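Enquirer: Quick one: structure below, then a few questions.
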C-alpha cells in the first residue's frame, strides 16, 4: 500500500454526493412517505403500550440478524441462555453469545437514553461522539480475547481507528481525516429538514458511514444499529420492527448494493460528486423498500383479528400434541390480553375461560409454566407472553431460525400451516 493510495481519500468532498440531487430525490421521498404512513398505521394499531415480551423477543432477533451478516451469529437458543448468564463451554460459541447480549443490551440502553421521539434526538445521533458512544457500548463489555483482530492487534471500544484499512476493493479514508469525514457526514444528515427527507437521509447515511469505516472493526454493526436508532428516534419503529431483519434476510443484495455505492462516478450523467450518485440512489431505494416491507409485515402479524386465529392454532397444537395442560378455553382471555395490552387479575382470567374454578386454576398454572402468560409475583396479575414454542403460530415467518430452535425441536411444526392461513412478507 503506497503513500499515494493511503492519501487517496483525505478530503470530505471526496465522498460526495451525500444526498441525491433534487431532481433525483422525488421517488425516494415518495417511498419515505409510504414508510411513514405504514409505520404510523402500525403505531396506531398497537397503541402506546407495546408488548414488553415482544420487544424483548425483537431485540434478540435484531441481535441475531446483525451478527449473522458478520458471520458471527449463534443459535437463538444460545442467545436465550446467555441472557440468563448461561454461557457455553465452547469458547467460540461463548464469544458469539457475548456479542449477542452486547447488542441486545446496547439497543435497549440507547433507546432509553434517546428518550422521547424528537428531531433533537435524531440530530444527536449524527456526531462523532454518538458513534463512539455506540461503538463503546457494543464492545466495552467484551473480553480482551473477543476484541483481538485477525492481525493480532486489539480493537479499543469507542476509539476511532488510527491506521489505514481497506475493505474489499474499498480503500477507506486516511485515518487522520476520519474526524473531518464524520463531521461532514453529521452536518449533512443531521441537519436534513424534518419529514420524508429525514428518512431518506437515514438510509443514505448508512452507506456513507460504512464507507468512512471509522473504527478498526465493528463498523457494520454500528452502522446498522445507528440506522435502527435514527428510525426509532424519528418515531417510526415503535419498538416493533427494524431494518436489521430485512437486511439480513436479503444479505446478498444488501452487501452488493453497499459495495456498488462505493464506486466512483460512472460518467458525466452520474451526478456531480466523486462517488456514484446512481449507486447511492439504488442503495437508498432498496433500504426504503426493505423498511416498508418490514413495517407492513409486522402490521399483518399484530392484526388483532388475525391474532385470534393464531392463538387458537397454538392452543389447539398444545392441547392435541403437547398435552401440557393447556386448553382451548384460554383463547378468550389470551386474545383479550393481546388486544388490550393490559393485565388481568387471576380471578378475572379464570372467569373468562368459562371453566370451573379448579380446572381454570390448573389451566392458569399451565399457561404460566409453559410461558403463555407472564406475571411479576406468585399471586400478581397476568399478561400476554410469547413462548418460543408458540412462535411458529403467533408470528409465522418472523424469526424462522428461532422457531426451528425452539423446544421441543419443532417436530410437529409441519402442522402449523394447516391450522391457520399464513401471512408472509416478501423477505
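Enquirer: Can you confirm whether the stretch 240-261 contains a residue that is at positive phi, in a loop (DSSP other than H, G, I, E, B) and crowded, with 20+ Cβ neighbours inside 10 Å? Spell out the reasoning first.
Expert: The first filter runs over the stretch 240-261 and keeps only residues at positive phi, leaving none.
Looking for residues that are at positive phi, in a loop (DSSP other than H, G, I, E, B) and crowded, with 20+ Cβ neighbours inside 10 Å, one finds none in the stretch 240-261, hence no.
Enquirer: Looking only at the stretch 39-62, count every residue that is buried (at least 21 other Cβ atoms within 10 Å of the Cβ) and closer than 20 Å to residue 287 by Cβ and tell me the total.
Expert: 5
Enquirer: Additional query: Being assigned to a helix (DSSP H, G or I), surrounded by fewer than 12 Cβ atoms within 10 Å (Cβ to Cβ) and assigned by TED's automatic domain parsing to the domain that holds residue 59 is the requirement here; does residue 86 meet it?
Expert: For residue 86, the condition - assigned to a helix (DSSP H, G or I), surrounded by fewer than 12 Cβ atoms within 10 Å (Cβ to Cβ) and assigned by TED's automatic domain parsing to the domain that holds residue 59 - is not met.
Enquirer: Can you tell me which condition residue 168 does not meet? The list is (1) crowded, with 17+ Cβ neighbours inside 10 Å; (2) on the phi > 0 side of the Ramachandran plot, and all the others hold.
Expert: In the conditions (1) crowded, with 17+ Cβ neighbours inside 10 Å; (2) on the phi > 0 side of the Ramachandran plot, residue 168 misses (1) alone.
The rows are residues; the columns are (1) assigned to a helix (DSSP H, G or I); (2) out of contact with any helix residue (DSSP H, G or I) (no Cβ under 9 Å at 6 or more places or on another chain); (3) touching a residue at least 12 places away in the same chain (Cβ under 8 Å); (4) closer than 26 Å to residue 288 by Cβ.
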{"position": "158", "(1), (2), (3), (4)": "no, no, yes, no"}
{"position": "176", "(1), (2), (3), (4)": "yes, yes, yes, no"}
{"position": "188", "(1), (2), (3), (4)": "yes, no, yes, yes"}
{"position": "210", "(1), (2), (3), (4)": "yes, no, yes, yes"}
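Okay, residues lined up against (1) loosely packed, with under 15 Cβ neighbours inside 10 Å; (2) assigned to a helix (DSSP H, G or I):
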{"site": "79", "(1), (2)": "no, yes"}
{"site": "102", "(1), (2)": "no, yes"}
{"site": "107", "(1), (2)": "no, yes"}
{"site": "113", "(1), (2)": "yes, yes"}
{"site": "116", "(1), (2)": "yes, no"}
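Enquirer: Sticking with this one: Those residues that are touching a strand residue (DSSP E or B) at 6+ places or on another chain (Cβ under 8 Å) and either part of a helix (DSSP H, G or I) or not assigned by TED's automatic domain parsing to the domain that holds residue 396 (or both), I need them from the stretch 286-342; list them, please. Talk me through it step by step, then tell me what you get.
Expert: Kept after step one, since they are touching a strand residue (DSSP E or B) at 6+ places or on another chain (Cβ under 8 Å), are these residues of the stretch 286-342: 333-334, 336-338, 341-342.
Answer for the stretch 286-342, where residues must be touching a strand residue (DSSP E or B) at 6+ places or on another chain (Cβ under 8 Å) and either part of a helix (DSSP H, G or I) or not assigned by TED's automatic domain parsing to the domain that holds residue 396 (or both): 333, 334, 336, 337, 338.
Enquirer: Does any residue of the stretch 27-43 turn out to be in the same structural domain as residue 277 (by TED's automatic domain parsing), within 22 Å of the chain's Cα centre (by Cα) and at pLDDT below 90?
Expert: Yes.
The values are calculated or read from the model by the stated rules, or taken from the named source; none is laboratory data. Nothing here was measured: the structure is a model prediction, and the numbers come from that model. Virtual Cβ from ideal backbone geometry, glycine too; neighbours counted across all protein chains shown.
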